Amino acid sequence: MLVAPVTITPTKPLTPSHLKGLLWTDVMYRATDLLTSVTYRYSPSTYHPCEQTLGFWEFLDRTVGEVDYSNCSEDDVGELYVRYRAGQERAPFADCRPYLEAVENSGWVHPASARVLELWAAHYARLGLHNPGLSTHQPPGLGLDEVIDLLMAAGLCLDLRNSGGPVYLDLTAAGLPLRQIVSAEGRPNYLACALRELVPLVPLHDETVLLYDRGLEPDYVLLHKALERLDGTVHRVSLGRVPVDGRITSARQGDWRTLSVRTLLDDVTSRHDEMTVRLGMRLYFIAKLGPGDRESFRADLLERTMTRAERLLAAATGATGDVEYLEPHRGVHQRVDPYRLTSGLLARHRDPPGAAMLAAVYT
Amino acid sequence: MNLTQELLRAELARRVGAVRPDLAGKLDLSTIDGLFAAQTEIAGADPDSVTGVVSVLRAFDPAAWISETITFAATLTPAEADVWRTALTRTYFLAGNPANLVDRFRFAHVADDGNVAWTAPVDGRVSLPLRRLLKLLEAPAPLPHWRQLDLAVPGGPKTGRTRGLYIATAGATVARSLVHLNHLLVEAVFDGLVAGGDQLQVRQVPRLLGVPSTFVALRVAADPGNPHLLRAFAGLTKEVPLAR
């Protein structure tokens, strides 16, 4: 099975919304991996060519210039990102090309993003998240022209580059609107990047699960249909963001200033041990918040969940085997459903989970 | 043929006045301002009710596109042609692959090579679902050059009639050339100037100025570089005598 979550561009601090996606993916991956072989594909290299990242790098070098990023914080880089997104003018694609070529030819990463990925890896370690290779060069299996050719052959692509136009993903036969994947300038977007990665990977797996932010639903429906037409078996899992103080904002507005993963972790680890924090975070961001986006983040509820996590860890026994415990949470699919599994931990009148299962999946 | 601003104004006035005599009564079509006002009034009509054709394009091959455009126009009934002319043969050029659309939408003509499809002239509200699915054609590349293109228009036995089709290339993009040629060709078919079995000598020139032939149809529109002038973007010549 292939688990392929949407990646987060390394241009800003991680927020509670990001954390929710990372924890869901991690529980799905680790629980399913106990039952069947799972590939966890999360490659920042694949998505560096999209505009959000390339444009930011070009902006940094043009406006900030030579700077030592090795001691920067995520917030420092995030503030620069806010400044980049607030700017009206966008550099022409020609100015981003040297960056694109460096990414494609040598796996180059701008030091600002390399630093952010390094800091994220440290958060992953604190949270006990499987690191799928944040700082490893993992190029997509197909080049842009190759994936366009392949999609063209399947009638899934409209390529107007000969007339100076864009390239579209074409699912109009399924009644879905055309979606641009390469601009007339030649600038690929994140969907083009996703296709370069997933088109060759999906056929190598019995089943693929795409996890993504609910705001990307229309694009992921297109991606899903395109991969299915290329004979993939694909499931989508969409997750709502986490409102803070009742509001869902974005990185371009500096949403991490209110609450970031770093500040959240610093706060809870001052009162709880590492294993409790790992389990408690998963219980809260998966079972308490659920897949939707209705519940605002609540520090008091997170704190109560930490107490539940402490009790669960203390009560954990070796009574139930992993597979017996996990099987009922698979439903009809290969994957374990993180919501069902994690909610089950909080249900009263249930046998306590096995210590080995908690260690393998939650801490 | 000497192309002058007076001649271009007269040609545009003839085109507008022929299909919308009501405007000829309201506006002074002998002036450029009056002509532009007439065009604005026609273009500004309620998009839901105005008649138009949707042309879906997957790829542009000049020779095939010209032939197929003529074939499409010839398939329309006189009633369809009349109602479309009243909207000055308004056409939405959209990017799309006809093969992916033919099961869901009705087209009046699909090109043999599958690169283009046309709906019949329909109200805007009828074509809305198709227009929502597709995107406006973005084709800003310069019109490709060809040395010489002689076309036998399909759809009939040889008529022995040959005309020159001249296209101005200065500043011409693929997208804009499609617009100009489309208006010129479909209206020429409706006027009986071009039909299946004819020969077309398609020629590219920077501007139509100085072409040593007489035009029987001209595509005239505002000059994008100089909004107070008109410009001839394409033209169809009188019959070319056969070489002996």
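Key figures for this structure:
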read-out: Qualifying residues in region B:48-67 (those that are more than 14 Å from every other protein chain (Cβ to nearest Cβ) and of a type in the set (Val, Ile, Thr)) - the one nearest to B:PRO144 (Cα to Cα); value: B:ILE66
read-out: Per-region count, region B:47-76, residues within 14 Å of B:THR86 (Cβ to Cβ) and of a type outside the set (S, T, N, Q); value: 4
read-out: Failed criterion for B:PRO144 (all others in (1) closer than 21 Å to B:ALA59 by Cβ; (2) within 13 Å of chain A (Cβ to nearest Cβ); (3) in a helix (DSSP H, G or I); (4) not polar (S, T, N, Q) hold); value: (3)
read-out: Failed criterion for A:GLY133 (all others in (1) outside any helix (DSSP H, G or I); (2) away from chain B (no Cβ under 11 Å); (3) touching a helix residue (DSSP H, G or I) at 6+ places or on another chain (Cβ under 6 Å) hold); value: (3)
read-out: Wholly within region B:148-208, strands (runs of 3 or more DSSP E) carrying at least 2 residues that are of a type in the set (S, T, N, Q); value: B:199-205
read-out: Pairs with Cβ under 9 Å, 6+ apart, first in region B:1-24 and within 21 Å of B:PHE190 (Cα to Cα) and open to solvent by 50 Å² or more (accessible area, probe 1.4 Å), second of a type in the set (S, T, N, Q) and outside any helix (DSSP H, G or I); value: B:ALA10/B:SER30
read-out: Selected residue [outside any helix (DSSP H, G or I) and at pLDDT 90 or above] from A:VAL332, A:VAL336; value: A:VAL336
read-out: Which numbered condition A:TYR168 misses (of (1) of a type outside the set (D, E, K, R); (2) open to solvent by 60 Å² or more (accessible area, probe 1.4 Å); (3) within 11 Å of another protein chain (Cβ to nearest Cβ); (4) closer than 27 Å to A:GLY107 by Cα); value: (2)
read-out: Candidate set from region B:95-114 (those that are crowded, with 19+ Cβ neighbours inside 10 Å and within 19 Å of A:ASP159 (Cβ to Cβ)); member that is nearest to the other protein chains (Cβ to nearest Cβ); value: B:ASN100
read-out: The listed residue being within 14 Å of another protein chain (Cβ to nearest Cβ), touching a residue at least 24 places away in the same chain (Cβ under 8 Å) and either hydrophobic (A, V, I, L, M, F, W, C) or surrounded by fewer than 22 Cβ atoms within 10 Å (Cβ to Cβ) (or both), out of A:LEU210, A:LEU176, A:LEU195, A:LEU216; value: A:LEU176
read-out: Boolean, B:VAL189 is among the aliphatic types (A, V, I, L, M), modelled with pLDDT of 95 or more, open to solvent by 30 Å² or more (accessible area, probe 1.4 Å) and within 24 Å of B:LEU94 (Cα to Cα); value: no
read-out: Unmet criterion (only one of (1) of a type outside the set (Gly, Ala, Ser); (2) surrounded by fewer than 16 Cβ atoms within 10 Å (Cβ to Cβ); (3) within 14 Å of another protein chain (Cβ to nearest Cβ)) for B:ARG125; value: (3)
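So that you can scan it fast, the table gives a plain yes or no per residue for (1) under 15 Å from the mean Cα position of the chain (by Cα); (2) among the small types (Gly, Ala, Ser):
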{"residue": "B:LEU149", "(1), (2)": "no, no"}
{"residue": "B:PRO154", "(1), (2)": "no, no"}
{"residue": "B:ALA170", "(1), (2)": "no, yes"}
{"residue": "B:ARG176", "(1), (2)": "yes, no"}
{"residue": "B:VAL179", "(1), (2)": "yes, no"}
{"residue": "B:LEU193", "(1), (2)": "yes, no"}
{"residue": "B:LEU208", "(1), (2)": "no, no"}
{"residue": "B:ALA217", "(1), (2)": "yes, yes"}
{"residue": "B:ALA221", "(1), (2)": "yes, yes"}
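The values are calculated or read from the model by the stated rules, or taken from the named source; none is laboratory data. As the structure is a computational prediction, the values presented were derived from the model and not from experiment. Here the Cβ is made from the backbone with ideal geometry for all residues, glycine too, and neighbour counts use every protein chain on show. Just the protein is used for accessible areas: all its heavy atoms, side chains included, with ligands, DNA and RNA removed. Shrake-Rupley method; radii C 1.70, N 1.55, O 1.52, S 1.80 Å.
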